[in-house]
Amino acid sequence: MQKTRKPNAWILAKLNECLVGEHLKETFRIRKEDFTRQRKMSFDKVVLFMMNLSRRSIQVDLTKFMRSFRDGVQNVTKSAFNQSRKKIRPEVFRKLLEVTTGEFYSDNEQRVKLWRGMRLLAIDGSVFRLPEDPGLKAIMAVFPRIRPRTS
């Protein structure tokens, strides 16, 4: 019997559980005094907003984002957001990525297809021309050239 993949809702629930928990906040805030008072933008809301793809101005997206919650907060200034985001260590995103990928790949091993023994997540046909630099050449020499240079 083939195992079925975990539903995305399960993975999102685990991510949400991690986000709203005190452990994440205590581990990734800059100072122990940060995010101790009840503010319009809590730790989890700041992180969630930073994870959103901003398409318009920050203020417009902030207003729309805050209205999506049912806690009565309708408006937050971009200055308040900027001050709040400076109180969070960037490593929080690495931790959230670990939670997400850990949940995705647990119990899904049989469904993951391998290419030459590795998981292939994406492939792109882009070619980058790097500057002629001796230090860069030394680093990049370990990688075989896939396409010959055309220019």
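So how many residues does segment 71-127 have that are at pLDDT 85 or above and among the aromatic types (F, W, Y)? Counting residues in segment 71-127 that are at pLDDT 85 or above and among the aromatic types (F, W, Y) gives 2.
Looking across R39, R55, R31, one residue alone is modelled with pLDDT of 90 or more and out of contact with any strand residue (DSSP E or B) (no Cβ under 6 Å at 6 or more places or on another chain). It is R31.
Taking the criterion of being hydroxyl-bearing (S, T, Y), touching a helix residue (DSSP H, G or I) at 6+ places or on another chain (Cβ under 8 Å) and under 22 Å from C18 (Cβ atoms), the residues of segment 52-104 that qualify are S84, T100.
The set of residues in segment 60-78 being within 10 Å of F49 (Cβ to Cβ) and of a type in the set (A, V, I, L, M, F, W, C) consists of L62, F65, M66, V76.
Restricting segment 79-91 to residues that are under 17 Å from the mean Cα position of the chain (by Cα) and without any contact (Cβ under 8 Å) to a residue 40 or more places away in the chain, the residue that is surrounded by the most Cβ atoms within 10 Å (Cβ to Cβ) is R85.
Beta carbons closer than 9 Å, at least 6 apart along the sequence or on distinct chains, pair a first residue in segment 24-37 that is in contact (Cβ under 8 Å) with a residue 60 or more places away in the chain with a second that is among the aromatic types (F, W, Y) and surrounded by 16 or more Cβ atoms within 10 Å (Cβ to Cβ) for L24/F43; F28/F43; R29/F35; R29/F43.
The values are calculated or read from the model by the stated rules, or taken from the named source; none is laboratory data. Note that the coordinates shown come from a computational prediction; the quantities given were computed from them, not determined experimentally. Positions of Cβ are generated from backbone atoms using ideal geometry, with glycine treated the same way; all protein chains shown enter the neighbour counts.
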